[in-house]
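**Q** The structure follows.
We did not get these values from a lab; they are worked out from the coordinates using the rules stated. Note that the structure is predicted; figures quoted are calculated from it, not measured. Every residue, glycine among them, receives a Cβ derived from its backbone with ideal geometry; neighbour counts consider all protein chains shown.
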Amino acid sequence: MIVIPAVDIRNGKCVRLLQGDPNAETVFSDDPAAMAAKWEASGASLIHVVDLDGALEKRPRNLERIRQIRDRIRVDIQVGGGLRDLKTIRMYLDMGIQRVVIGTEAIRNPDLVVQACGEFPGRIVVGIDARGGRVAIEGWKETTGVKAIDLARQFEDSGVAAINFTDIHRDGMQTGPNIEETRRLAEAIDIPVVASGGVSSMEDIIRLLPLESAGVVGVITGKALYSGTLDLQEAIGVADTAAKSS
């Protein structure tokens with residue numbers, strides 16, 4: 001299981017929101033690229049970058065900051081937020097981004113996911129953000145009637161590289177990840193799952209490790225790293241040790 005640090009960008013700055021609320025923002029850095037470089041130096045093999053403005057405005061809004069991150073670090077980057085068409089997906093991949101995350105359009109336009117997977121195999125991730133088990137879209141402003149597991153199953157044979165699963169109620173709250181919902185999703189599909197939302201400490205990482213046998217291949221963490229309650233280098237070490245002993 002890999003531990004993936006998150007770099008969320010809003011108005012050009014590295015921030016964290018509580019449960020996706022733009023009015024509950026904490027700014028951690030004016031230089032997202034420097035923050036990404038810090039996580040790379042701590043051993044990260046993948047950086048999760050989110051254009052928060054893009055998610056709300058339905059198009060890339062922090063492109064220059066993302067380009068600076070790509071130019072600054074050597075490890076893989078995945079980008080989400082505002083990806084609504086093949087042109088945008090292609091633009092990011094041509095820039096050197098390894099993977100892109102499709103969220104809202106996975107519900108609005110599932111054919112886009114299938115088409116993108118066909119054109120860019122192994123590089124498309126579906127982001128499923130759930131509130132009470134139901135998928136939320138449009139920057140989490142709208143909760144649909146679609147169950148997270150049902151949406152994931154739609155893409156079972158499409159070639160999706162991974163499902164990023166976020167429990168919105170826990171995102172940024174450091175209340176611990178939703179272990180059972182993450183397990184249920186992973187066991188219901190063959191697509192690899194990446195857990196997100198609520199990680200607060202090393203204990204949470206350790207609690208997630210047994211889910212690797214169910215198909216949970218990674219965990220995204222943000223607030224815990226920025227607030228200092230989780231040490232990235234230590235977390236990566238624990239995950240690596242667990243992988244070697246399994």
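**Q** Taking 7 Å along the Cα-to-C-beta vector as the label spot, tell me the Asp31-Arg74 distance in nanometres, rounded to one decimal.
**A** 2.0
**Q** From the helices alone, meaning DSSP H stretches of at least four residues, give me the mean residue ellipticity at 222 nm for the chain, per-run term -39500 (n - 2.57), in deg cm²/dmol to the nearest 500.
**A** Taking each H run of at least 4 residues, the total per residue is -10500 deg cm²/dmol.
**Q** Still on this structure, please answer the following. Find how many whole Å separate the alpha carbon centroid of the stretch 13-77 from the alpha carbon centroid of the stretch 94-115.
**A** Between the Cα centres of the stretch 94-115 and the stretch 13-77 lies a distance of 18 Å.
**Q** While we're here: Could you go through the stretch 128-134 in sequence order and give the Karplus-derived ³J(HN,Hα) for each residue, using 6.51 cos²θ - 1.76 cosθ + 1.60 with θ = phi - 60°, rounded to whole Hz, and x for Gly and Pro?
**A** Using θ = phi - 60°, the values come out as 10, 10, 10, 10, x, x, 9 Hz.
**Q** Could I ask something else about it? What number, in percent, do you get for the relative contact order of the stretch 50-93 if the mean sequence gap of Cα pairs under 8 Å and at least 6 apart is divided by its residue count?
**A** 49
**Q** For the stretch 58-207, give the magnitude of the charge dipole about the Cα centre (Cβ charges: +1 Lys/Arg, -1 Asp/Glu; no others), in debye to the nearest 20.
**A** My answer is approximately 580 debye.
**Q** Within the set of other residues whose C-beta is less than 12 Å from the C-beta of Met202, count the net charge using Lys and Arg as +1 and Asp and Glu as -1.
**A** Within the 12 Å Cβ shell, the charges total -3.
**Q** Where does the charge balance sit around Glu212 when Lys and Arg score +1, Asp and Glu -1, over other residues with C-beta under 14 Å from its C-beta?
**A** Spelling it out: positives minus negatives among the neighbours equals +1.
**Q** Right, another one. What is the dipole size for the stretch 1-42, taken about its Cα centre, with +1 at each Lys and Arg Cβ and -1 at each Asp and Glu Cβ, in debye to the nearest 20?
**A** For the stretch 1-42, the charge dipole is close to 40 debye.
**Q** If you don't mind, there's one more thing I want to ask. Computed over the Cα atoms, what is the radius of gyration of the chain divided by 2.2 N^0.38 Å, N being its residue count?
**A** Working it through for the chain, the quotient is 0.91.
**Q** Compare the Cα positions of Val7, Val113, Leu56 along the charge dipole of the chain (+1 at Cβ of Lys, Arg; -1 at Cβ of Asp, Glu; about the Cα centre) and return the one farthest towards the positive end.
**A** Leu56
**Q** Let me ask something else about it. So for the chain, averaging the separation of alpha carbon pairs under 8 Å that are six or more residues apart and normalising by length, what relative contact order in percent results?
**A** 19
**Q** Antiparallel as a % of all DSSP beta bridges within the chain, to the nearest 5?
**A** 30
**Q** So what are the radius of gyration and Dmax for the Cα set of the stretch 128-217, in Å?
**A** Cα only, the stretch 128-217: 12.5, 35 Å (Rg, Dmax).
**Q** Once amide H atoms are placed 1.01 Å from N in the peptide plane, what residues at a sequence separation of 5 or more from Thr144, or on another chain, have their amide H within under 5 Å of its amide H?
**A** Val135, Ala136, Ile137
**Q** Assign one of three labels to the stretch 207-246, namely rounded, prolate or oblate, based on the Cα gyration tensor with a ≥ b ≥ c the square roots of its eigenvalues; rounded applies when a/c is under 1.5, prolate when it is not and a/b is larger than b/c, and oblate otherwise.
**A** Since a/c reaches 1.5 but b/c is at least a/b, the shape of the stretch 207-246 is classed as oblate.
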